[in-house]
1. Let me see the pair-distance distribution of the range 279-340: every alpha carbon pair, 5 Å bin width, integer percents in order.
2. Trypsin sites (Lys or Arg not before Pro) within the range 81-181: which are DSSP loop residues with at most 16 other Cβ atoms inside 10 Å?
3. Hey, which of these cross-link pairs are over 31 Å Cα-Cα: K322/K508; K158/K394; K356/K482; K181/K508; K85/K394?
4. Could you give each residue of the range 456-470 its phi-based ³J(HN,Hα) in whole Hz, using Karplus coefficients 6.51, -1.76, 1.60 with θ = phi - 60°, and x for Gly or Pro?
5. With only alpha-carbon pairs counted, each pair once and no self-pairs, how large is the Kirkwood hydrodynamic radius of the range 11-141 in angstroms?
6. Using only Cα atoms, tell me the angle between helix 22-33 and the longest principal axis of the chain; keep it within 0 to 90° and round to the nearest 10.
7. Could you rank the peptides 383-389, 222-228, 92-98, 170-176 by their average count of other C-beta atoms within 10 Å per residue, with the highest value first?
8. Hand me the GluC sites (Glu not before Pro) from the range 495-536 located in a DSSP loop with no more than 14 other Cβ atoms within 10 Å, in residue order please.
Amino acid sequence: MSSNQKSNSLTDLDAVIVGAGFSGLYMLYRLREAGFSTRVFEAGDNVGGTWYWNRYPGARCDVESIYYNYTFSEELLKEWNWSAKYAEQPEILSYINFVADKFDLRRDVQFNTRVLSARFDEKKNRWNVQLNNGKTVSAQYFITAVGCLSASNVPKFKGLETFKGEWYHTGHWPHEKVEFKGKCVGIIGTGSSGIQAIPVIAKEAEHLTVFQRTPQYSSPARNVPNDPDYLEGIRKNYIEIKEKMRHSITGIPETPRNISVFDDSPNERQRVFEEAWKKGGLLSLSYTYNDLSITPEANEIVAEFIRSKIRETIKKPEVAEKLLPRFYYGTKRTIIDTDYFETYNRDNVSLVDVKKAPIQEITASGVRTADAEYKLDMIVFATGFDAMTGPLFKMDIRGKDGVSLKEKWGAGEQTRTYLGLGTAGFPNMFMLTGPESPSVLSNMMVSIEQHVEWVSDCINYMRDHKQEVIEVKDEAENTWSKHCREIADQTLFTKTDSWYMGANIEGKARGFQIYLGGVGTYRKICDEVAGKGYEGFTLT
Ligand code: N01
């Protein structure tokens, strides 16, 4: 039987992929094209991953739609038109469905099936993967495509089970329309999800109470519909654009200005910041000067500019004061919004500072803080995720000697990987956009394509060279993890408590979990590793 005629017998797969989001689907496509028998297991009842689960009002991507799509198929690039500069969740989900149909991917995806555990059998050199339907499947390669932000975090508030109203987490939003009309809604959390949801909910609800612990920096997205001529121009230049994306810092084809904030006069800085504010978008402000994320004094200058914009926007000075962020700009995820600060000028919106008066409990009828009780019909938790490792730890993954990934990286220990792709002691396991890869600090689509292509090339290489097992060497992983930390320590990122640092989850190991050297440099390193016969890995 030729390899591409191989049966997908569940006991004898070449590869198991966990997750049918952007990364899992492309991984399936590549491995299937190469003739490997592959099966994707997906907990949801359809494709989409992040964009399947995050259906909260206002959910949209903050990377421009023309850059946030697959680039591996020219035909696909020609067939899809993004309606706006920043696509909304339903449109992105339609796109993923379109891709799944176009490449007939669903036939190798098993929906409504959660992977409970995966265990490496050292005698057979295979992974045994236990599913929640009681079945076990076996495969040579175990590939996690579980996303970085898919383990939602509902803080353990006392009394939540007594709440008589409805409650939802943004990352697990119902498929049916949630009705806010006539309701007193409370939202906890003002990260990217909260800041997208707040203006939309405020327009519908009778009253919206925002429970804010940390005020956030946010700047205008300036979303606009996409002009057909503009899209045509992009299409014509896509080869060049794609190259720029792949060799850029963030996967978005823009370059920071190579100038210190102190090289410009205060008047010139103001002009530069104003221009960036007017332009809008994710990188406009942070790319104005090259020292904003490195030098506290430089950071304070841009931070104060944003605070001045908040003060200008908010009518009531006491509300503006509560909304002023005080951490280093950019060290929590940069946020762009549509009418976020303006929403606090509405009569039906109130802001509660839960840093000053923390939430003590959820009662049957609302939220009680240290100094008041708020009656609510609905609570929206925009409280984020157990990021990076959380989605992996939802499965009991055990490598050699039965050691679990959770034990290896567990509380008090730093995450350790080689290139964010693999980890020592877990042979033939690959993580797509795993910890210590550029992942969440890049355009995920660029990082996903790069990882998937690297992993499929590696699996092809293994077949061509008649190798059965690939495993990360300890020293390669130690060097890589140290390198990641050293880069992060040169920036202000590690000076702020954030989910990047694992600081949002009680008891979670602290440490910066992302490679900050840029997607272009990272690609070069990964290509060099492959070019040297997978240096840093043992192949047997
Ligand atoms: O989650 P978050 P998110 N009591 O962790 C607060 C991506 N994303 O879902 O800052 C009170 O950022 C918490 O307060 P604090 C993006 O990468 C992308 O918003 O910890 N409050 C914070 O305000 C993003 O970074 C898009 O003090 C509590 C909020 O909840 C990531 O997903 C859109 C609390 C959590 O913010 C996560 O964003 C949406 C408690 N006990 C998301 N616990 C795009 O546009 C937590 N909070 C692509």
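1. The percentages, shortest bin first, are 4, 17, 26, 27, 17, 8, 1.
2. R114, K123, K124, K135, K156, K158, K164, K177
3. K356/K482; K181/K508; K85/K394
4. 5, 4, 5, 5, 4, 4, 4, 5, 4, 9, 6, 9, 9, 10, 10
5. By the Kirkwood definition, the hydrodynamic radius is 15.8 Å.
6. In the chain, helix 22-33 runs at an angle near 20 degrees to the longest axis.
7. 383-389, 92-98, 170-176, 222-228
8. Answer in residue order: E506, E535.
Each reported figure results from applying straightforward, stated rules to the coordinates on display, with no laboratory input. Remember, it's a predicted structure, so these values are computed and weren't measured experimentally. Ideal geometry is used to build each Cβ from the backbone, glycine not excepted, and the neighbour counts take in all protein chains shown.
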